[in-house]
1. When the Debye formula is applied to the Cα atoms of the chain, each taken as the same point scatterer, what base-10 log of I(q)/I(0) results at q = 0.11, 0.20 Å⁻¹?
2. Cβ under 13 Å from residue 161's Cβ, residue 161 left aside: what net charge do those residues give with Lys, Arg +1 and Asp, Glu -1?
3. Which ³J(HN,Hα) values in Hz, rounded to whole numbers, follow from the phi angles of the range 80-90 under the Karplus curve 6.51 cos²θ - 1.76 cosθ + 1.60, where θ = phi - 60° and Gly and Pro get x?
4. So what's the net charge close to residue 74: Lys and Arg +1, Asp and Glu -1, counting the other residues with Cβ under 13 Å from its Cβ?
5. Distance from the Cα centre of the range 8-68 to that of the range 75-93, in angstrom?
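Bear in mind that the values in this text are calculations on the coordinates, not laboratory data. Note that this is a predicted model, so its numbers are computed, not measured. Positions of Cβ are backbone-derived with ideal geometry, glycine not excepted, and every protein chain shown enters the neighbour counts.
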Amino acid sequence: MSKPRRQLVGMIYAESSTPNAGGGEFHEEKVGIGQTIGNRTFYATMTPPPPATSCYNSEYGNGTVWSALSSSGQFQAFGGSRWNEVMNGDDLKQPAALNQSMRRISDRQHFNLSVEAVREVDIGLGLVPELLDAKPIAFQQSAQAGSPRWQLSGKLGAHHFFSFAPGRECQ
């Protein structure tokens, strides 16, 4: 598995619902979280149609998974305790260290489901069928859009997912 995909595993593990946090395991939510980050790699470097000169998407990073994750505090779980259970800086921990940090069976199952979800994520622009083929660019627990450029695409697990409103990708 490539390093960008391992970084997605860490983010999905850290952000997605888990029975230990009073939720459940939602495969679609995990895929949605991963695809949101994958889509940000596309929109970060999107070229605007003329006559526009910028897409104003710099908060999404520089086109890499790592920059999409680490840019300006976009994701609450990035660098937090759940992230640090499975990540060593910008990469997954080695297997022995993972076994040390994931002592509960439910943590190991959550990790394995996060790995499975990453296999369905397109790094670049991709759809999430469970969100009516939306291309999510943000998720949060609130249903209130965090930007006037966003529209609510749906809810998966504990998260509401947002896509760009039509025509707002570069505004």
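1. Cα-only, vacuum Debye calculation for the chain: -0.43, -1.34.
2. -1
3. Karplus-based 3J(HN,Hα) across the range 80-90 equals x, 5, 5, 4, 5, 5, 10, 10, 10, x, 9 Hz.
4. Here the count lands on -1.
5. Cα centroid of the range 8-68 versus Cα centroid of the range 75-93: 15 Å apart.
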